[in-house]
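For reference, the structure is listed below as structure tokens.
None of the figures in this text is laboratory data; all of them are computed from the coordinates on show. Remember, predicted model here, so these are calculated numbers, not experimental data. Cβ atoms come from the backbone with ideal geometry, glycine included; neighbour counts cover every protein chain shown.
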Amino acid sequence: MSSDVLQITGPLTIDQASPLANSLLAAIEKNDSLDVDLGESESIDLAGVQVLLSATIAAEQRGVSLRYLRAERYRSLCEYSGFQPLGVTEP
Amino acid sequence: MSASDPMGTFREEVGELLDRLESALIRLEETLDDPELIDEAFRSLHTIKGSGGMLGLHELVSFTHTVEAAFALVRDGHEQISESLIELGLQAKDQIADIMASPELDDETRSEGDRILAQLRAVYPALESARPPHTGTSEATAGSPSIKPIGSADIGRADGDHAGTARGETTFRIQFAPKPRLFRVGANPILLLKELRELGETVIIGLMDRLPVLDELDPEACYLRWDILLTTEADENAVRDVFIFVEGEAEIFIEEIDSENLEESDIDYKRIGEILVSRGLVTPEEVQQAVNEKQYLGDVLVEKGLLTNEQIDAALQEQQYVRRRRETRQRAAAESQQSIKVDTEKLDALVNLVGEFVAEHATLSRISADLGDGRLTSVSERLEALIREVRDVAMDLHMVPVEMLFSTYRRLIRDLSRELGKEVHLELDGTDTEMDKNVIERLRDPMLHIIRNSLDHGIEQPEERVRAGKPREGTLRVAASYSGAHVLIRVSDDGAGINREAVWHKAVERGLLTGDEELEPHEIYDLICAPGFSTTETATNVSGRGVGLDVVRSSIEGLSGSIHIDSEEGSGTTINIRIPLTLAIVEGLLVRVSDQHYLVNLANVLECIDYSTVARHSSDRQLIEYRGSLLPFFDLGAYFSTDYRSTGDTSEKQLVVVSSDGRTVGLLVDEVYDTFQSVIKSLGRMYENVPGVSGAVILGDGRLALMLDVDRLTRTESTNSP
């Protein structure tokens with residue numbers, strides 16, 4: 001097992017929710033430590049947030065350490081909509 | 001000012017809010033990261049914006065909105081507080097004051113506003129997305145996500161101006177559970193949340209108990225749901241309207257859980273079990289069974305698989321939120337019952353009337369004494385007791401803490417010390433000391449001058465201080481305390497102190513001294529208050545030109561106060577001001593000299609002695625032996641020599657022993673009457689500089705008595721003493 005950095009590009013929105021979920025699931029299954037860089041992603045909606053939140057639950061169940069990096073948009077939308085921005089460790 | 005003049009009321013309110021804003025910013029500059037001060041600044045701006053919106057002041061609202069948004073960013077932890085924000089906040093305060101002074105903005109004011117906003121945006125780029133709000137609507141929690149996210153941790157962070165307002169707020173619990181197809185039909189819950197925020201204060205709790213793990217997730221289905229607490233002035237229909245386009249796509253339960261109009265005002269609100277039942281999550285029986293297990297209710301229900309931790313947490317948040325709302329409301333109600341706002345002009349009128357009342361009663365008292373009718377005397381005495389009570393209540397109404405005066409100096413000191421390149425720390429003490437509001441108003445300018453002097457001439461440049469072994473930063477301390485019927489105000493600095501030799505030479509040069517005198521240090525310092533005296537050759541912008549401490553002294557004496565200076569060269573200077581608590585009514589001892597009456601402030605009178613019994617000192621000076629030492633005295637008639645006809649018969653004369661600032665003298669008078677309360681009238685410009693008198697009072701029989709300026713009299717006599 002290994003650790004990896006997954007670079008997400010493109011929007012984190014409902015149109016891309018399926019490929020996003022697939023990429024995340026594949027990466028979680030391959031690694032025991034995973035950093036997901038969201039910094040290059042330009043937009044996010046609640047469907048995107050939902051995938052990212054769900055990924056943290058999947059990672060936790062599998063004992064995988066999952067962190068979202070450069071995740072300001074994700075964090076901001078989580079907070080605005082009343083969710084804890086799971087997976088964000090940066091202050 | 002009245003309820004029919006909303007603009008006038010608003011101006012007054014904005015004035016107070018701007019003072020509060022400035023005070024918070026100046027204190028913030030010292031602490032840099034005090035959340036309460038940041039919140040105070042935010043709330044002041046927020047209230048100005050909200051009230052301005054209701055009056056349709058678009059320029060004001062638009063400007064204040066962006067400034068407020070900057071403080072919101074800091075308050076919500078998205079940005080750090082910075083010195084730039086404080087500086088721009090202060091500039092914004094001045095700008096708002098300018099807008100209020102003239103709502104029709106000229107080009108200069110408008111471009112100044114643009115400059116401030118541009119600089120704010122440069123410091124906090126996130127402000128670019130801070131849209132100006134629509135005026136006339138509640139903006140309590142509006143804003144884009146980047147400006148004011150409210151997360152689950154935001155519970156109960158009530159905006160002060162929303163909490164407890166009198167417009168009938170209701171708190172709703174909204175349970176919003178979208179069906180899985182919600183995203184697919186193009187609905188965006190974020191917009192719904194935003195609309196709810198625009199209705200009032202919200203606590204938004206996102207629930208993800210239905211969210212599956214990634215492998216089982218349909219990425220296009222909606223699994224998220226929300227519990228929302230909304231406190232709003234809107235009614236339930238308006239809340240329902242928010243969801244009008246998603247009614248078929250979600251389960252929506254809206255319930256009123258708290259209202260200002262509820263008779264039940266118990267702060268405790270519901271127990272957790274009751275909240276869970278009212279949410280339809282468990283039955284009363286299940287709660288009862290869980291309670292019987294004598295463990296924490298939430299743990300039991302989660303353990304039994306009846307509820308999730310999230311659902312328990314949401315119920316707890318509701319309980320805390322409603323409790324806090326109720327507490328705030330009760331506090332506001334209590335405050336509104338305990339205090340009302342009264343126009344100061346009305347208060348002034350009341351105090352003046354009470355003063356007239358007191359003076360009129362003196363006439364009644366005199367007539368009743370002349371008539372010798374026991375019944376009239378009895379009524380007069382009862383009336384006197386009542387008048388004293390009314391006087392005390394009226395005076396109390398007129399008292400305000402000196403904080404009102406002192407806090408205005410923070411900004412001045414900050415700006416002046418920068419202008420002068422000095423580092424100055426301000427310490428305030430005794431700010432809750434109360435004085436007559438009119439006295440405080442009249443102290444404003446003299447105090448300002450003293451503080452400017454301390455900054456300009458007292459506290460040295462940082463490098464100079466370091467060379468002298470002092471900390472770079474100078475300290476200016478302004479303190480107030482009670483002393484009987486007086487307040488002592490002390491302005492002290494740890495600056496260079498006063499060079500007595502320089503003062504001496506300057507006084508000789510100015511012809512104030514011949515050069516042969518031997519003066520005590522305090523007498524030398526007193527010279528600084530002599531007209532036209534100044535030891536610095538070049539006037540600065542700070543202390544002004546041509547106006548010296550003589551003006552300050554005459555202002556203070558005009559308030560029946562006194563001023564004296566202590567200083568130690570190299571260590572600092574202290575200016576002591578002693579001022580009566582009130583000017584409106586003075587209790588004095590009425591005396592007669594020849595056919596003229598005088599009133600001596602009772603606070604200065606130590607005792608009255610029968611002159612025939614005192615032992616004159618053998619020297620030819622006017623001295624008597626008094627309590628083991630020599631006391632100077634003088635004949636008031638000779639002092640006010642106009643038309644004085646001494647009877648030569650001293651057997652009836654009285655010696656009134658008075659004291660001021662530690663100086664004691666005797667005043668020889670022909671007769672001492674009773675104590676007398678009166679309103680002091682100004683002498684008018686023609687007589688205001690007559691030494692030894694500070695005002696006039698009207699006696700019961702309509703004649704005039706002069707109020708003695710005891711401070712000046714004791715000073716004169718001690719200067720003439722050996």
In whole Hz, what ³J(HN,Hα) sequence does region B:15-26 give by Karplus (6.51, -1.76, 1.60; θ = phi - 60°), x for Gly and Pro?
x, 5, 5, 5, 4, 5, 4, 4, 4, 4, 5, 5
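Using packing as a proxy for protection, rank B:47-53, B:653-659, B:63-69 so that the peptide with the highest average count of other Cβ atoms within 10 Å comes first. Kindly include the intermediate steps, with their values, before the conclusion.
Numbers: B:47-53: 23.6, B:653-659: 20.7, B:63-69: 26.7.
Descending packing order for the listed peptides: B:63-69, B:47-53, B:653-659.
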Within straight-line cross-link reach of residue B:49, lysines at Cα separation under 30 Å, skipping those fewer than 8 residues along the same chain:
B:93, B:148, B:194, B:341, B:346, B:437
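Show me the three semi-axes of the equivalent ellipsoid for chain B, from the C-alpha gyration tensor (sqrt of 5 times each eigenvalue), largest first, rounded to whole Å. It would help to have the intermediate numbers written out before the result.
Details: eigenvalues 894, 216, 99 Å².
Working through the eigenvalues yields semi-axes of 67, 33, 22 Å.
Would you tally the net charge around residue B:48, using a Cβ to Cβ cut-off of less than 9 Å, leaving residue B:48 out, and scoring K and R as +1, D and E as -1? List each step's numbers first, then the result.
Values: positive: B:49; negative: B:13, B:68.
With Lys, Arg at +1 and Asp, Glu at -1, the net is -1.
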The distance between the Cα centres of region B:405-474 and region B:489-524, in whole Å, is 22 Å
Rg and Dmax of chain A over Cα atoms: what are they, in angstrom?
11.8, 36
Taking H as built 1.01 Å from N, whose amide H comes closer than 5 Å to the amide H of residue B:487, not counting residues under 5 places away?
B:579, B:581
Under a Cβ-Cβ cut-off of 13 Å, what is the net charge of the residues other than residue B:246 that fall near it, where Lys and Arg count +1 and Asp and Glu count -1?
0
What list of ³J(HN,Hα) values in whole Hz, one per residue of region B:354-364 in order, does the Karplus curve 6.51 cos²θ - 1.76 cosθ + 1.60 (θ = phi - 60°) give from phi, with Gly and Pro shown as x?
4, x, 5, 4, 4, 5, 4, 5, 4, 5, 4
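Can you give the FRET efficiency to the nearest 0.05 for residue B:110 and residue B:399, using r as the Cβ-Cβ distance and R₀ = 45 Å?
Details: r = 42 Å, r/R0 = 0.93.
With a Förster radius of 45 Å, E is 0.60.
Inverting the mean 1/r over all pairs of different Cα atoms, compute the Kirkwood radius of the protein assembly as shown and quote it in Å.
32.8 Å
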Amide H neighbours of residue B:34 under 5 Å, at least 5 residues apart or on other chains, H built in the peptide plane: list them.
none
Row for region B:152-338, column shape: gyration tensor on C-alpha, a ≥ b ≥ c, rounded if a/c < 1.5 i.e. under 1.5, prolate if a/b over b/c, else oblate; value oblate
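Show that you can apply the helix-only estimate: for the protein assembly as shown, add -39,500 (n - 2.57) for every DSSP H stretch of four or more residues, divide by all residues, and state [θ] at 222 nm to the nearest 500.
When only DSSP H runs of four or more count, the value is -13500 deg cm²/dmol.
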Taking chain A as the reference, fit the longest principal axis to its C-alpha atoms, fit the long axis of helix A:17-30 to the helix C-alpha atoms, and give the angle between the two in degrees, 0 to 90, nearest 10.
30 degrees
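Could you compute the FRET efficiency for residue B:309 and residue A:29, with r as their C-beta to C-beta distance and R0 at 25 Å, rounded to 0.05? Intermediate results must be reported in sequence, preceding the final value.
Numbers: r = 27 Å, r/R0 = 1.09.
Working from the Cβ atoms, E equals 0.40.
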For peptides B:172-184, B:107-119, sequence by mean Cβ density within 10 Å, most packed first:
B:172-184, B:107-119
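If packing is taken as the average count of other Cβ atoms within 10 Å, what order do B:185-198, B:548-561, B:278-291 fall into, highest mean first? Kindly include the intermediate steps, with their values, before the conclusion.
Values: B:185-198: 17.5, B:548-561: 20.1, B:278-291: 15.3.
In decreasing order of mean packing, B:185-198, B:548-561, B:278-291 become B:548-561, B:185-198, B:278-291.
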Amide H neighbours of residue B:259 at under 5 Å, excluding residues fewer than 5 places away on the same chain, with H built from the backbone geometry, are B:171
Average partner chain C-beta neighbours within 10 Å, per residue of A:39-51?
3
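Which value, in debye to the nearest 20, gives the size of the charge dipole of the protein assembly as shown about its Cα centre, when Lys and Arg are +1 and Asp and Glu are -1 at the Cβ? Could you put the intermediate results ahead of the total?
Working: 80 positive and 144 negative charges, 102 e Å.
The calculation lands at about 480 debye.
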Relative to the longest principal axis of chain B, what angle (0 to 90°, nearest 10) does the C-alpha long axis of helix B:437-453 take?
80 degrees
Principal-axis tilt of helix B:35-54 within chain B, Cα atoms, nearest 10 degrees
80 degrees
Once phi for every residue in region B:378-389 is put through the Karplus expression 6.51 cos²θ - 1.76 cosθ + 1.60 (θ = phi - 60°), the whole-Hz ³J(HN,Hα) values, with Gly and Pro written as x, are 5, 4, 4, 5, 5, 4, 4, 4, 5, 4, 4, 5
